[in-house]
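Take a look at the structure set out below.
A short reminder: the numbers here are calculations on the coordinates, not readings from a lab. Since this is a predicted model, take the numbers as computed values, not measurements. No Cβ is skipped: glycine too gets one built from the backbone with ideal geometry, and neighbour counts run over all protein chains shown.
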Amino acid sequence: MKIAAGSDHAGLALKRQLLERLRAQGHEVNDLGTHDTQSCDYPDYAALVARAVAAGEAERGLLVCGTGQGMAMAANRVPGVRAAVCADTFTAKATRAHNDANVLCIGERVVGPGLAGDIVDAFVSGPYEGGRHANRVAKVAALERR
Ligand code: RB5
């Protein structure tokens, strides 16, 4: 699977660990930055990843900052993006199944590396159920047009 990834300085270390994991699993990962520990602004990287997903250049996005929250707020401003903050595997699985989430946001200051790996696995492998959820996801998309 093609995955676009990004972080700010607060999410850099966890992003690197997660990308190593994803690459070892055979995924094609495009790291859009940041690439060093200098303080930077999370919306810049949320925009890069969100636009890559919205344009179909990547099937999923992964964003890591201190909490995951700012990344999700910024990414969800891009039409076509459904970004979800996950701090547990149940939510990661459910947001794929019910919301067809396409961008996963994680907080390095919230989630330890072991759990974060499990969350990413659940998100990447989790199928969207469609069915009764499709109309609801369509209603979310309609909000972008109003
Ligand atoms: C950076 O200090 C921090 O504010 C950022 O990584 C993120 O947690 C914002 O949502």
- Between rounded, prolate and oblate, where does the range 1-70 land on the alpha carbon gyration tensor, with a ≥ b ≥ c its root eigenvalues, rounded for a/c under 1.5, else prolate if a/b exceeds b/c? oblate
- Message: What whole-number volume per residue, in cubic angstrom, does the convex hull of the C-alpha atoms of the chain give?
- Response: 90
- Note on the structure: A correct Karplus calculation of ³J(HN,Hα) over the range 91-97, with 6.51 cos²θ - 1.76 cosθ + 1.60, θ = phi - 60°, whole Hz and x for Gly and Pro, returns 5, 4, 5, 5, 6, 6, 5
- Message: Counting only other residues whose beta carbon sits under 9 Å from that of Phe123, what net charge do I get with K and R as +1, D and E as -1?
- Response: +2
- For the chain, share of DSSP beta bridges that run antiparallel, in % to the nearest 5: 0
- Over the range 79-120, what is the mean sequence separation of C-alpha contacts under 8 Å (at least six apart), divided by residue count, expressed as relative contact order in percent? 49
- Note on the structure: Residues whose modelled amide H sits under 5 Å from the amide H of Val85, counting only those 5 or more places away in sequence or on another chain, are Cys105
- Query: At what distance in nm do the modelled label points of Val137 and Arg16 sit from each other, each positioned 7 Å from its Cα along Cα→Cβ?
  - Reply: 3.5
- Item | Computed [θ] at 222 nm, helices only, for the chain once each DSSP H run of length n ≥ 4 contributes -39500 (n - 2.57) | -14500 deg cm²/dmol
- Task: Would you mind calculating the gained length between His35 and Ala55 on full extension (0.36 nm times residue separation, minus the Cα-Cα distance), in nm to one decimal?
- Result: 4.9 nm
